[in-house]
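Colleague: Structure below; questions to follow.
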Amino acid sequence: MDLKILPDHQSVIAYAAQLIIESIIANPKIVLGTATGRTMDDLYKLLSRAHTVDKIDFSAVSTFNLDEFIGLAPEDTNSYRHYMNQNLFKNTNIKIANTFLPNGIAPDLDREAQAYEAKIRTHGGIDLQILGIGENGHIGFNEPGSALDSRTRPAQIAPETVAQIAPLFGNETLVPRRAITIGIATILDAKRIVLLATGPNKTRILAQTITGPVSTTVPASALQKHPNCLIIADKAAARELQAA
Ligand code: F6R
């Protein structure tokens, strides 16, 4: 695990955007593993800008998102499909047919999850997986207790995560309790992983992720097992690491 500490949120985002842009230039057919969440908002602004201003070409790029809420249709404004369309896809020349998220309203969710996992494989696997981290250590919706060898599946969203994302829904009662998420083993299959952590809310969990034991209690600690994983953190998130 490599760790890069930068002064603030914006410098973390700029560093990650540059890394992704260079990866696209090096491999225009790159398969990106994409995430949602507040940390990603500014990243997608910079990637959108890279297309409109710097003419970075997304036409051969494919994306696989980590997760989607169960029960939300793609058109639902709270769905991750909607989030991706609005924040990234519509601002670039990516082909929508090359952008994948699990279908949260599939009639057979187990089958949908297995098909999603298979689709990642038929695309040759994920070249570069971008991750955020939950305050409880989740990656994707692999909440504490998720098996380290888990694959794409329907999963329960932890109560603390429901609270974390409630502001986006306006009300905690509106947040779905389940999602289809790619598994921890699926994430670890990615050729390269980059995790972004910014702000004081991530300080405690980042220290546990990097310096604690690999354990299902902190799903992100599984990243210690990956041979090519970079964590980019701002000073606030890395505070306990610098002190160590
Ligand atoms: C969402 C996802 C989550 C978020 C995490 C951090 O697709 O994968 O694991 O990355 O909850 O969210 P923010 O960035 O809002 O703190």
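Colleague: Pairs of Cα atoms under 8 Å, at least six residues apart: use those to get the relative contact order of the chain, whole percent.
Modeller: Relative contact order for the chain comes out at 25 percent.
Colleague: Also: What is the projected area of the convex hull of the Cα atoms of the chain, averaged over all directions, in nm²?
Modeller: Its Cα hull, projected and averaged over all orientations, spans 11.9 nm².
Colleague: Treating the beta-carbon of each Lys and Arg as +1 and of each Asp and Glu as -1, no other charges, what is the dipole magnitude of the chain about its Cα centre, to the nearest 20 debye?
Modeller: It comes to approximately 360 debye.
Colleague: Among 33-40, 153-160, how do they line up by average Cβ neighbours within 10 Å per residue, starting with the highest?
Modeller: Packing order, densest peptide first, comes out as 33-40, 153-160.
Colleague: Quick one: length gained pulling D54 to A14 fully straight, 0.36 nm per residue minus the C-alpha distance?
Modeller: Extending this stretch completely gives an extra 13.0 nm.
Colleague: First measure r as the distance between the Cβ atoms of E172 and A147, then evaluate 1/(1 + (r/R0)^6) with R0 = 25 Å and state the FRET efficiency to the nearest 0.05.
Modeller: That gives a FRET efficiency of 0.35.
Coordinate-derived values only; no laboratory data. None of these values were measured; they are calculated from a predicted model. Positions of Cβ are generated from backbone atoms using ideal geometry, with glycine treated the same way; all protein chains shown enter the neighbour counts.
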